[in-house]
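Inspection log for the structure reproduced underneath, given as structure tokens.
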Amino acid sequence: MRSSLIYLLVFCLAGFAGAVLLTRPGVVSDSALEGLVGDPVAGEQVFWAAGCASCHAAEGATGEDRLVLAGGQRFASDFGVFVAPNISTHPEAGIGNWDFADFVTALQEGTSPDGRHYYPAFPYTAYRLAERQDLADLWAFWQGLPASDAPSAAHEVGFPFSIRRAVGFWNFLYMDDAFAVTGELDAAEARGRYLVEALAHCAECHTPRDALGGLDRSAWMAGAPNPSGSGTIPALTPDRLTWSEGEIAAYLNDGFTPDFDSAGGHMVSVIRNMAMLPEADRMAIAAYLKALPPAGE
Amino acid sequence: MTARSTLLKIALVATTIAALPALAQDVPAAVQARQGQFQIMALNIGVVGNMARGNVDYDAEAAQAAADNLVAISMLDQQFHWPEGTDNMAIDGTRAMPAIWENLPDVIAKWDAFGAAAQGLAEVAGTGLEPMRAAVGAVGGTCGACHDAYRQPM
């Protein structure tokens, strides 16, 4: 009896130590980023491809207003409402006093400068796959963006999801270091995969989630319920989305379906981003979508 | 466009809507009417949109006609198309979100923005491909802005 109690105690302690290790927030060091020099012109392309403005600029913003990253947009989920923070260049209200390592640590490890986990409503799980050079370019472009003194609002997330440490366990389960689509890809398909999976995080909306809110990689881009209300977000696999590659690329540019219906919902903001990219990138995305495994029934 | 031809076109639009096959018997007439109105908009934007995309050759006359149709539709008084209780939470067969009825001034502003953009398109549609293409983009932006806020995804 006594020994089994001790056994239980040791077991719990070991489990706890393991959990602490597993859920420890990751950090990117300065030395890992040595030698990277950012190009702000290239960084603008990364900015649009990665869709930062869709979440951190004001809802429905167009034109120059999409460069004001004051935060405030609300994202409903099964776990509560997340509010995008101010990530403008303002030193107090925004992230103006961060260095490049803080930035990369946030975007690729989901860890804040004070060592806390971010919630995966911030798609660091995708940005984790981004090239460091692209992040250096993005950082250089971001330096030139306007400062906003709008204060960041708190998330409306209840217990137990309010415990950020628990995100570490989530990261252990879902933070992948590999692309979802593997196998032989030609140059355009591979470029499309990089844009879709590492930057534009299309799967965050177009892939269904499991009970813990992780993407179900076995149903990659197979469509999903709309997290912010009724209806469904359509599947993009070639058995479901039967548009030609040219039609897909055109939709990502002008927002019209082949029948000239006009895109709606959060896709409108995505299209505003995609329209800023070179045509070759939109075609690459279309080529990648055609290379997706079918969703089946 | 003269007032007479506008009236004629509105009459034409109205007959087309009435002639649309009932999509589903139990969907209220007002919902069918507004959906028909949007279908006509899509058809006409498709005429200029296909030219803008380079799918078909630019045709000044057809472009002008399509643009004029869009202007004509933008002038239809919308009050009968949007009765209370025809949102997607209340009935099936519609993607119109309840937020429409909570933000009517904004919805009307978005409809007016479509009208202004259609007017802009009508001014240049017959003058050449490049100016037409830019104006089509502007109209598309006004469709998207309203669908972004007020139309449920499939």
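The values are calculated or read from the model by the stated rules, or taken from the named source; none is laboratory data. If you're wondering where the values come from, they're calculated on a predicted model, not measured in any experiment. Cβ: placed from backbone, ideal geometry, glycine included. Neighbour counts: every protein chain shown. The accessibility values were calculated without ligands, DNA or RNA, using every heavy atom of the protein model including side chains. Shrake-Rupley method; radii C 1.70, N 1.55, O 1.52, S 1.80 Å.
General remarks:
- Number of the exception - B:Gln119 against (1) within 14 Å of chain A (Cβ to nearest Cβ); (2) open to solvent by 50 Å² or more (accessible area, probe 1.4 Å); (3) more than 22 Å from A:Asn273 (Cβ to Cβ); (4) not hydroxyl-bearing (Ser, Thr, Tyr): (1)
- Residue that is most open to solvent (accessible area, probe 1.4 Å), among those in region A:251-285 that are more than 10 Å from chain B (Cβ to nearest Cβ) and touching a Gly at 6+ places or on another chain (Cβ under 7 Å): A:Val270
- Scanning region A:231-250 for residues that are within 7 Å of another protein chain (Cβ to nearest Cβ) and closer than 16 Å to A:Ala286 by Cβ gives A:Pro234, A:Ala250.
- Residue match in region A:209-223 (condition: touching a Gly at 6+ places or on another chain (Cβ under 6 Å) and either touching a residue at least 24 places away in the same chain (Cβ under 8 Å) or outside any helix (DSSP H, G or I) (or both)): no
- Filtered residues of region B:122-154 (kept if open to solvent by less than 20 Å² (accessible area, probe 1.4 Å) and either charged (D, E, K, R) or more than 11 Å from chain A (Cβ to nearest Cβ) (or both)): B:Ala122, B:Ala125, B:Gly128, B:Met132, B:Ala135
- Within region A:154-178, the set of residues being aliphatic (A, V, I, L, M) and open to solvent by 60 Å² or more (accessible area, probe 1.4 Å) comprises A:Ala154, A:Ile163, A:Leu173.
- The set of residues in region B:25-60 that are open to solvent by 60 Å² or more (accessible area, probe 1.4 Å) and more than 13 Å from chain A (Cβ to nearest Cβ) comprises B:Gln25, B:Asp26, B:Ala29, B:Asp57, B:Tyr58, B:Asp59.
- In region A:32-146, counting only helices (runs of 4 or more DSSP H) that sit wholly within it, the ones holding 3 or more residues that are closer than 26 Å to A:Ala190 by Cα and within 16 Å of the chain's Cα centre (by Cα) span A:40-50, A:52-56, A:124-127, A:132-142.
- All conditions but one from (1) open to solvent by 40 Å² or more (accessible area, probe 1.4 Å); (2) within 11 Å of chain A (Cβ to nearest Cβ) apply to B:Asn103; the one that does not is (2).
- Wholly enclosed helices (runs of 4 or more DSSP H) of region B:41-154 bearing at least 3 residues free of Cβ contacts under 8 Å to residues at least 24 places away in the same chain: B:104-124, B:129-150
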